[in-house]
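Here the structure comes first, spelled out in structure tokens, and everything after it is commentary.
What follows draws every value from the coordinates through simple rules; no lab data is involved. It should be emphasised that the depicted structure is a prediction, and the values quoted were computed from it without experimental measurement. Quick reminder, even Gly has a Cβ in these numbers, built from the backbone with ideal geometry, and neighbours come from all protein chains shown.
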Amino acid sequence: MLAVHVLVHVKADQVEAFKAASLDNARHSIQEPGIARFDVIQQIDDPTRFCLVEVYRTEADPARHKETEHYRRWRDTVADMMAEPRSAVKYTNVFPDETGWDMP
């Protein structure tokens, strides 16, 4: 498993539009066979900050995700909504490991 946290700071007047575009992307993304989980979370004390929590089954799956029409639509739609460029941090799970992770 590969977990990616995409950190996004959105312009204050674009929060609702960003949420709508990101929810559309998430709903399509969770249908991809290579995605185990895709969360859109919003920071409580600063609602202009979001984290997309993407969990991929293999290291090749993020590249496949970026080839989809819904990802490209999201990327192009939200580009001007961001207060600063988004960043990403990649993680590998320590626990549970593959023997203890009961994913569908």
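Near Q42, once Lys and Arg are set to +1 and Asp and Glu to -1 for all other residues with Cβ below 15 Å from its Cβ, the sum equals 0. In loop segments of the range 1-93 as defined by DSSP, the GluC sites (Glu not before Pro) with at most 14 further C-beta atoms inside 10 Å of their C-beta are E59, E67. Sorting 87-96, 34-43 by their mean Cβ neighbour count within 10 Å, with the most densely packed peptide first, gives 34-43, 87-96.
How large is the dipole of the range 12-53 about the Cα centre if only Lys and Arg carry +1 and Asp and Glu carry -1, each at its Cβ, rounded to the nearest 20 debye?
Values: 4 positive and 7 negative charges, 35 e Å.
Using only the charged Cβ atoms, the result is roughly 160 debye.
Taking 0.36 nm per residue of separation and subtracting the Cα-Cα distance, full extension of the segment from D13 to A79 would add 22.4 nm. For the chain, the Cβ-based charge dipole about the Cα centre amounts to some 180 debye (Lys, Arg positive; Asp, Glu negative; other atoms uncharged). Our compactness index for the chain, the C-alpha radius of gyration over the empirical 2.2 N^0.38 Å, is 1.09.
Against the chain, whose longest principal axis is taken from its Cα atoms, helix 69-78 shows a tilt of about 40°.
For the chain, the residue among I30, T68, A3 whose Cα projects farthest onto the positive side of the dipole built from Cβ charges is T68.
Counting only DSSP beta bridges whose two residues both lie in the chain, roughly 100 percent are antiparallel.
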